[in-house]
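The values are calculated or read from the model by the stated rules, or taken from the named source; none is laboratory data. Only a predicted model underlies this, so the values are computations on that prediction, with no experimental measurement involved. Neighbour counts run over all protein chains shown; Cβ positions are idealised from the backbone, glycine included.
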Amino acid sequence: VTDETAAALAGEAEEDFVVRLGARKDVRSIAAHLYEALRAFDEKKVDFILGEALDESGLGLAIMNRLKKAAGYRIRRF
């Protein structure tokens, strides 16, 4: 999740389960950390991932495409 969402979740979710990818406005940081996070989830064999959507323009589009592929296009909106 973004740093902003992680801060909002403070006290609501265990820190061990929250993976920060960077500031919401810093899509380069999010992109740089995304693959590492997805690999870590694979290694830990997690059952599901809760994430947040980004604006689907520019690099945000590439990030969202990667997340959708990683989810096998099984997306639930909350």
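Can you tell me which residue in segment 1-11 is nearest to Lys68 (Cα to Cα), limited to those that are of a type outside the set (A, V, I, L, M) and either surrounded by 13 or more Cβ atoms within 10 Å (Cβ to Cβ) or at pLDDT 90 or above (or both)?
Thr2
Could you list, ordered by first residue, the pairs with Cβ atoms under 7 Å in which the first is in segment 25-53 and under 10 Å from Ala70 (Cβ atoms) and the second is among the aromatic types (Phe, Trp, Tyr) and assigned to a helix (DSSP H, G or I), at least 6 apart or interchain?
Ile49/Phe41
Taking Glu14 as meeting all but one of (1) more than 22 Å from Lys68 (Cβ to Cβ); (2) surrounded by 12 or more Cβ atoms within 10 Å (Cβ to Cβ), write down the number of the exception.
(2) is the only condition that Glu14 fails.
Would you say Leu67 is surrounded by 15 or more Cβ atoms within 10 Å (Cβ to Cβ) and touching a His at 6+ places or on another chain (Cβ under 6 Å)?
no
Kindly list the number of the only condition in (1) at pLDDT below 90; (2) touching a Leu at 6+ places or on another chain (Cβ under 8 Å) that fails for Gly60.
Every listed condition holds for Gly60 apart from (1).
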